[in-house]
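Peer 1: Below are the C-alpha cells for one structure; questions will follow.
Derivation of every value follows stated rules applied to the coordinates shown; laboratory data play no part. Quick caveat: nothing in here was measured; it's all calculated off a predicted structure. Here Cβ is always computed from backbone atoms with ideal geometry, including for glycine, and neighbour counts include all displayed protein chains.
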Amino acid sequence: MTSPTPPRLLHVLSNKTADRPPIWFMRQAGRFLPEYRALRATAPDFIAFCLNPQMAAEATLQPMHRFALDAAIVFADILLIPKALGQAVWFEAGEGPRLGELPSNEVLADRIEASTGLLAPVGETLARVRQALEPERALIGFAGGPWTVATYMIESGSSDRSISRSLAYREPDRVDGLLDVLVEATARYLAMQARAGAQVLKLFESWAEGLSEPLFERLVIQPHAKIIRRLRELGVTAPVIGFPRGAGILAQDYAGRVDSQAVALDVQATAAMGRAIQAKKPIQGALDPLLLRAGGPELDRRVEQLLEQWGSGPYIFNLGHGILPDTPIEHVARTVARVTSWTS
C-alpha cells in the first residue's frame, strides 16, 4: 500500500523546492464566492458564523471544491482573541469591526487561560476540515499579529493606527504590556489549532506598515519571535509563516530575526529582496489583489514574472494581501491553472 503524498506546501516549508510552487490565497474563503455569501446569510452575525464549526468548516472547504489549491486556511477572524479576552467585538454592516472599551492589561492577563477554551470551536472547525480534506492538501491555522490586534483593541476598530503608534511612544509600558498579553494568548490559541489538525500556522501582521525601525523591532519582530519560541515550548512543531505586511525593506530584518519557516511578502516586494530572503528561507506572495481583480494580459504577465523570478527556489504562490470581494471567479481559476501547470 503506497503512503499518501505529503502536502506540497509542507515540502516547500521544509526549505525545499517542489516540482512547482504550491498555491493558496489569503481570504480564499470569503465574499467573492456566491456559495459563501449564501451560507453567511444564514448566520445571525459574523462572530457567530466564525464560531459555528459546521458553518466555518463549510466556508473553509468551499474554495477547495472549486479550485486546485494546495492548502485550505481555516475560516476565522483575527479579532476572536480580543473577544475571548473579554473585550466586546461586533461587526457593523458596511463599516467593519467595532470594539468596546479596552480592559486593563491586568484584567486581560487574568483571562488568558480561559480565552483558549472559549476559542475551542475554531479547533473543532479545523478537525472537521482535516477529516474532509485530501491528505495531499495542507491545512493552515492562523492568528493576527499582536501589534495588529492591539491597534484594533486600542482604537475600537479600523483606523489609520496613528492613535496606537502615538500611544506606543507616549506610554510604552502600557502598550508593551498589552502585547505581552497577546503574545501568550496567541501562542496558546495557535497551539490549540495545531493540536486540532493545523499543519501550518500563519501570523498576519496586517498593519506592520508605517513603523520606524525601532518601533518595528519592538512591536513586530520581538512579539513574533516570542510567539514562535512559546509555540516550541508548548511542543508545537508546525511550521510558521510570518506576514509583516507593509514592512518594506524591514522584511529582510524580520526574516533574519524571527525564527519563522517562511516570510510572506506584500505587493511592494522587489524581485531582489525576495531572492535575498529566499536565500535564507522560503517566501510567499506577492501578487497584487487589485491585479487579480482586474485580470487580462497584465495579470498573466505578472503571474509568469513571479513564477520565473522566484519559482525555482522555495516559493509559495499567493497574494500580497487578501482576495477582494468583487474579484471575478474566472480570474482566480485562470491564475490557479497557470501556477499548477507551471514547470521550472
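Peer 1: Please work out which residue is surrounded by the most Cβ atoms within 10 Å (Cβ to Cβ), limiting yourself to region 213-267 and to residues that are among the hydroxyl-bearing types (S, T, Y) and assigned to a loop (DSSP other than H, G, I, E, B).
Peer 2: Top of the filtered list is S260.
Peer 1: Let me ask something additional. For the structure I just gave you, tell me whether A68 is more than 19 Å from F204 (Cα to Cα), part of a loop (DSSP other than H, G, I, E, B) and touching a residue at least 12 places away in the same chain (Cβ under 8 Å).
Peer 2: yes
Peer 1: Anything in region 19-32 that is farther than 20 Å from F204 by Cβ and either surrounded by fewer than 22 Cβ atoms within 10 Å (Cβ to Cβ) or β-branched (V, I, T) (or both)? List them, or say none.
Peer 2: Once the filter is applied, which keeps residues that are farther than 20 Å from F204 by Cβ and either surrounded by fewer than 22 Cβ atoms within 10 Å (Cβ to Cβ) or β-branched (V, I, T) (or both), region 19-32 yields D19, R20.
Peer 1: Kindly indicate whether E136 is in contact (Cβ under 8 Å) with a residue 40 or more places away in the chain, part of a loop (DSSP other than H, G, I, E, B), charged (D, E, K, R) and on the phi < 0 side of the Ramachandran plot.
Peer 2: Against the criterion (in contact (Cβ under 8 Å) with a residue 40 or more places away in the chain, part of a loop (DSSP other than H, G, I, E, B), charged (D, E, K, R) and on the phi < 0 side of the Ramachandran plot), E136 qualifies.
Peer 1: Can you give me the number of residues within region 311-332 that are in contact with a Ser or Thr (Cβ under 9 Å, 6 or more places away or on another chain) and surrounded by 22 or more Cβ atoms within 10 Å (Cβ to Cβ)?
Peer 2: 4
Peer 1: Separate question: Where residues in region 268-290 are in a loop (DSSP other than H, G, I, E, B) and farther than 17 Å from V339 by Cβ, which of them is farthest from the chain's Cα centre (by Cα)?
Peer 2: So the residue we want is A279.
Peer 1: A further question follows. Condition first: part of a helix (DSSP H, G or I), among the basic types (K, R) and buried (at least 17 other Cβ atoms within 10 Å of the Cβ). Now tell me which residues in region 154-186 satisfy that.
Peer 2: Once the filter is applied, which keeps residues that are part of a helix (DSSP H, G or I), among the basic types (K, R) and buried (at least 17 other Cβ atoms within 10 Å of the Cβ), region 154-186 yields only R165.
Peer 1: I'm told A194 meets every condition in (1) of a type in the set (G, A, S); (2) assigned to a helix (DSSP H, G or I); (3) touching a Lys or Arg at 6+ places or on another chain (Cβ under 8 Å); (4) touching a residue at least 40 places away in the same chain (Cβ under 8 Å) except one. Can you identify the failing condition by its number?
Peer 2: (3)
Peer 1: Would you please list the contacts, defined by Cβ atoms under 9 Å and residues six or more apart or on different chains, that run from a residue in region 223-243 that is of a type in the set (F, W, Y) to a residue that is surrounded by fewer than 20 Cβ atoms within 10 Å (Cβ to Cβ) and assigned to a helix (DSSP H, G or I)?
Peer 2: none
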